[in-house]
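Data block below; observations after.
The values are calculated or read from the model by the stated rules, or taken from the named source; none is laboratory data. The structure displayed is predicted, hence computed values, not measured ones. No Cβ is skipped: glycine too gets one built from the backbone with ideal geometry, and neighbour counts run over all protein chains shown. For accessibility, only protein heavy atoms count, side chains too; no ligands or nucleic acids. Shrake-Rupley method; radii C 1.70, N 1.55, O 1.52, S 1.80 Å.
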Amino acid sequence: MDSAVERLRPVLLFGGTTEGRELAARLAGRGQRTILCVATDYGREVLEPELLANPCLNVRIGRMDAEEMCRLILEEEPGLVVDATHPYADQVTRNVREACEKTGRECLRCLRPRSGAESPEGGVVRVPSVQAAVEWLAARDGNILVTTGSKELATFSQLPDFATRVYARVLPTLPSLSACLDQGLSGRHIIAMQGPFSEETNRSQLEEFNCRFLVTKDTGDNGGFREKVRAAGEAGAVALVIDRPETERGLSAAQGLSADQVMERYEQWRRRQHV
């Protein structure tokens, strides 16, 4: 590795998203030492082999609280910290902010834009939380395609006839499958697939399982939100959208940056290092 690059302090990147993978590839591709933190083994498995082979990239696996993040920052002394975690990972974002404030590090938030997608039939209902979604669904009959992941299944299990009404689409990992089984789902009610999915795949699953409702989060276009909403409209289903956390709504334009804007800020920082 070039000695000038070795002297440049690393970028600490909290990822686990499409944007996180993109930024890691762009940073390491520029010869920038990058520490990419992902929560699970799966977060590492989806990285491209070429990226994993890049000597400028160091992948750390495991969930961290704010204090653990502080220790990592003090240990590695990054020049920049980038939060490119999921728009709904509000606790992680709070932890990153707290750690940066305590250690005096600049933190850039790479925030996936919301999608303006609406279904062709206008069948979109927005609720503020998973619990609100469960309460809304409990008052209605019909099968449900839940695409919000495995962590919320315990809340959805409050639904009457949960094991027969709900079809859960989750990541193809053992923890996700275990979460489904623990809540009483089995057989065709577990759809273990890696997204994002096409409009056709979403529509096909809604029709295959005779679902009247598709539950999703506003994960933006990179997360396949537009395809899910359109598919629901085409299938005659209601798209029940769980809104983003208040922590994301409160971000200023300077804090909620696109991947391109993060790279612009990174280039400005790098020039200040005289490398």
Can you tell me which residue within segment 107-126, out of those that are in contact with a helix residue (DSSP H, G or I) (Cβ under 7 Å, 6 or more places away or on another chain) and small (Gly, Ala, Ser), is modelled with the lowest pLDDT? SER119
In segment 50-65, anything open to solvent by less than 50 Å² (accessible area, probe 1.4 Å) and under 15 Å from GLU22 (Cα atoms) is listed as LEU51, ASN54, CYS56, LEU57, VAL59
Scan (1) more than 18 Å from the chain's Cα centre (by Cα); (2) buried (at least 18 other Cβ atoms within 10 Å of the Cβ); (3) of a type outside the set (Val, Ile, Thr); (4) at pLDDT below 95 for the single condition PRO160 breaks and write down its number. (2)
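Are any residues in segment 1-15 open to solvent by less than 50 Å² (accessible area, probe 1.4 Å) and either under 24 Å from TYR88 (Cβ atoms) or at pLDDT below 90 (or both), and if so, which ones? Working first, answer last.
From segment 1-15, those open to solvent by less than 50 Å² (accessible area, probe 1.4 Å) are 4-5, 8, 10-15; that's our starting set.
Within segment 1-15, ALA4, VAL5, LEU8, VAL11, LEU12, LEU13, PHE14, GLY15 meet the criteria.
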Which of (1) among the basic types (Lys, Arg); (2) modelled with pLDDT under 95; (3) open to solvent by 30 Å² or more (accessible area, probe 1.4 Å); (4) within 25 Å of GLY123 (Cβ to Cβ) is the odd one out, the single condition LYS217 does not satisfy? (3)
Within the set of pairs 6 or more residues apart or between chains, which connect a residue that is within 19 Å of LEU111 (Cα to Cα) inside segment 251-275 to a residue that is open to solvent by 60 Å² or more (accessible area, probe 1.4 Å) and modelled with pLDDT under 90 with Cβ atoms less than 8 Å apart? LEU257/ARG265; SER258/PRO113
Could you grab me the full set of residues in segment 48-59 that are under 13 Å from ARG26 (Cα atoms), without any contact (Cβ under 8 Å) to a residue 40 or more places away in the chain and part of a loop (DSSP other than H, G, I, E, B)? GLU48, ASN54
Qualifying positions in segment 205-226 - over 21 Å from SER176 (Cβ atoms) and in a helix (DSSP H, G or I): GLU207, ASP221, ARG226
For ALA192, work out the one condition from (1) over 14 Å from THR148 (Cβ atoms); (2) out of contact with any helix residue (DSSP H, G or I) (no Cβ under 8 Å at 6 or more places or on another chain) it doesn't fulfil. (2)
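Going by the structure shown, is THR85 more than 22 Å from ARG270 (Cα to Cα), touching a residue at least 60 places away in the same chain (Cβ under 8 Å), assigned to a helix (DSSP H, G or I) and hydroxyl-bearing (Ser, Thr, Tyr)? Spell out how you get there, then give the answer.
Working: more than 22 Å from ARG270 (Cα to Cα): yes; touching a residue at least 60 places away in the same chain (Cβ under 8 Å): yes; assigned to a helix (DSSP H, G or I): no; hydroxyl-bearing (Ser, Thr, Tyr): yes.
No.
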